[in-house]
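Remarks on the structure that follows.
We did not get these values from a lab; they are worked out from the coordinates using the rules stated. Bear in mind that the values here come from a model prediction, so they are computed numbers and not experimental data. Neighbour counts run over all protein chains shown; Cβ positions are idealised from the backbone, glycine included.
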Amino acid sequence: MTPDLSVGFAGIELKNPVIAASGTFGYGIEFEDVVHLDRLGGVVVKGLSREPIIGNPPPRLYETAAGMLNAIGLQNIGARAFVTEKLPRLREIKGIVVIANVFGYTHEDYEQTVHILNDGEGIAAYELNVSCPNTERGGIQFGSDPRSLEDVVRAVKRRSLRPLIVKLSPNVTSIGRMAQVAEEAGADAISLVNTFVAMAIDVESRKPRIANVTAGLSGPAIKPIAVRMVYEAAKSVAIPVLGMGGIATAADVVEFMLAGATAVQVGTASYWDPRATEKIVTELANWCTEHEIPTIAALVGAMQS
């Protein structure tokens, strides 16, 4: 039996549910010498802003016992440069699904970035990173305040010519409520979880391990919390959910799908193994064959209580 690994959400068809996560896979083309990009379900490119951003000063990465801290600072070349310099090369790769991650610090930032990307042929959807401080409202994260989240999603939805995925922050009291806000504001899908705010200190120097002091924690350490949040979000909304957080094996993918995720994103695993995404696709096909699962989409939300 050859299992059917295809899944679909918001009108987008993926050959399998394994997507390379934003911020861990560059603009996709950096991995083409080590990964067969056309074998992946999709690629979410590095977060894009209206203008280029140089990011935070080093040190900005630190390996933890079961994961990684990062405070890259959303360094990127800007939306215009992506459309002219990176996207044409991605379009040459047949069968690749490209999702553009978008962020900003004001409503106008988000809207203008999406406006620029609307001209980019070959983008399948936008993923809205709402874990950024809203400078118009005193620095509170868009994704941690229901009103800010609703406003930015509605604003971008009006501008967007493509399906809109909202990437939720886990640093909230109720992930289910924030998922509902995103859905009601017009999101076509949600993705979660983004990194958890964390920090580490060098006890010898008594200085923080990261120049920014706090950073985002990702990797296997957060997986059980991420699975719980995906489960709660999936129960709260009718739109599709894309799960992420510590995925490193085919079994991890299945776990997230059983919790309610239609597809998943693989992030930190690509740091310790650049071919992790492609390997997981192969493992997933073998897992389905061994467990006599003819269609992987049947696993979505199929947890038995």
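Counting lysine pairs in the chain whose alpha carbons fall under 23 angstrom apart, excluding pairs fewer than 8 residues apart on the same chain, gives 19. Considering every alpha-carbon pair of segment 130-288, the percent of pairs per 10 Å bin, from zero through the bin containing the longest distance, is 11, 35, 33, 18, 4, 0. Here segment 238-293 and segment 1-71 have alpha carbon centers that stand 13 Å from each other. Compactness check for segment 82-158: Cα Rg over 2.2 N^0.38 Å is 1.22. Of interest is the spacing of the C-alpha centroids, which for segment 76-108 and segment 182-213 amounts to 23 Å.
Residue-wise HN-Hα couplings along segment 122-127, as the Karplus relation 6.51 cos²θ - 1.76 cosθ + 1.60 with θ = phi - 60° gives them from phi, are x, 8, 8, 6, 10, 10 Hz; Gly and Pro carry x.
Read through the labelled values [x] 79, 52, 44; [y] 66, 59, 33; [z] 55, 50, 41 and report the label of the one computed as Cα extents along the principal axes in Å from the structure. The listed entry that was calculated here is [z]. Summarising the strand pairing of segment 101-192, around 10 percent of its internal DSSP beta bridges are antiparallel. With semi-axes defined as the square roots of five times the eigenvalues of the C-alpha gyration tensor, the equivalent ellipsoid of segment 195-305 measures 31, 18, 10 Å, largest first. Springs between Cα atoms under 10 Å define the GNM used for the chain, and in it the highest mean-square fluctuation of Thr295, Thr277, Thr24 occurs at Thr295. Remark: spin-label model distance Glu85-Ser205 equals 3.0 nm, labels positioned 7 Å along the Cα→Cβ axis. Looking at the square roots a ≥ b ≥ c of the eigenvalues of the Cα gyration tensor of segment 1-135, which shape do they give, rounded for a/c under 1.5, prolate if a/b is larger than b/c, or oblate? Oblate.
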